[in-house]
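A short reminder: the numbers here are calculations on the coordinates, not readings from a lab. Remember, it's a predicted structure, so these values are computed and weren't measured experimentally. Note that each Cβ is placed from the backbone with ideal geometry, even for glycine, and that neighbours are counted across all protein chains shown.
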Amino acid sequence: MLSSRWQICWISRWKSIEQDLKLKKPARDAGILSEKKGERGMGEITYRTTHEFRQEDLQRLFLSVEWSSGHYPEKLVKAMRNFASVDSAWDGETLVGLICAMDDGIMTAYIHYLLVDPRYQGRGIGKQLVAKMKERYKDYLRIVVVAYDEEIGFYENSGFEKASHASPMFITSLWT
């Protein structure tokens, strides 16, 4: 059971969450971490902390997981610049994974996007990206993620618990 100091919640159903509040943003560094070459013969995975992406990289990644936001690459570029925290996984110059969070600067962080190109899934990339966010927000009282039902097991294995008393609600134009 998690302590009240380190409460992690997730709510079943992932959709886009728009937030109108101005968020305190942590320092934007360009940290890089590497992983050994995967068993599937793909290249070395490099992890970066950055807010700068090319439209085509974001579009390709988001459409690879069939997320409708991939049809709005110019908006995704702006969104990445505005998130409090963004970590990404790269195979050479190919963006293969991404996680983004917004936060209130002290108590609560919301993981908004976590996606890994299907060709790279099963290699621990998503788990590594979540671990980076959990470490970054370890002093916060709550980390929240809204998850697709079919991804519940992944988030439980990453330390999240399903909220029994909350349901996500949306106003959205996106279809995934």
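Sites listed here are GluC sites (Glu not before Pro) in the range 85-176 whose DSSP assignment is loop and whose Cβ has at most 11 other Cβ atoms within 10 Å: Glu93.
Looking at the range 123-176, which trypsin sites (Lys or Arg not before Pro) are DSSP coil and have at most 15 other C-beta atoms within 10 Å of their C-beta?
Working: sites: Arg123, Lys127, Lys132, Lys134, Arg136, Lys138, Arg142, Lys162; in loops: Arg123, Lys138.
Within the range 123-176, the qualifying trypsin sites (Lys or Arg not before Pro) (loop, at most 15 other Cβ atoms within 10 Å) are Lys138.
For the range 126-168, the fraction of C-alpha pairs farther apart than 14 angstrom is 51 percent.
Note that the range 26-139 carries a Kirkwood radius of 14.3 Å, evaluated over its alpha carbons pair by pair. The modelled label-to-label distance between Glu93 and Lys127, using points 7 Å beyond Cα along the C-beta direction, is 3.2 nm. Full extension of the chain between Lys162 and Ile106 yields a length gain of 17.9 nm, computed as 0.36 nm times the residue separation minus the alpha carbon distance.
Its residue count N fixes a reference of 2.2 N^0.38 Å for the range 74-176, and the Cα radius of gyration divided by that reference is 1.09. Please report the antiparallel percentage of the DSSP beta bridges confined to the range 40-158, to the nearest 5. In the range 40-158, approximately 85 percent of DSSP beta bridges are antiparallel ones.
Between Asp139 and Arg81, take the C-beta separation as r, use R0 = 30 Å, and let me know the FRET efficiency to the nearest 0.05.
Values: r = 25 Å, r/R0 = 0.82.
Efficiency, from the Cβ-Cβ distance: 0.75.
For the range 26-139, with only Lys/Arg (+1) and Asp/Glu (-1) charged at the beta-carbon, what is the dipole magnitude about the Cα centre, in debye rounded to 20? Can you show the working numbers first?
Values: 17 positive and 17 negative charges, 31 e Å.
Dipole size: approximately 140 debye.
State the extension gain, in nm to one decimal, for the chain segment bounded by Glu74 and Trp175, taking 0.36 nm per residue of separation less the distance between their alpha-carbons. Walk me through the numbers on the way to the answer.
Values: separation 101, 0.36 × 101 = 36.36 nm, distance 1.79 nm.
Length difference between fully extended and current span is 34.6 nm.
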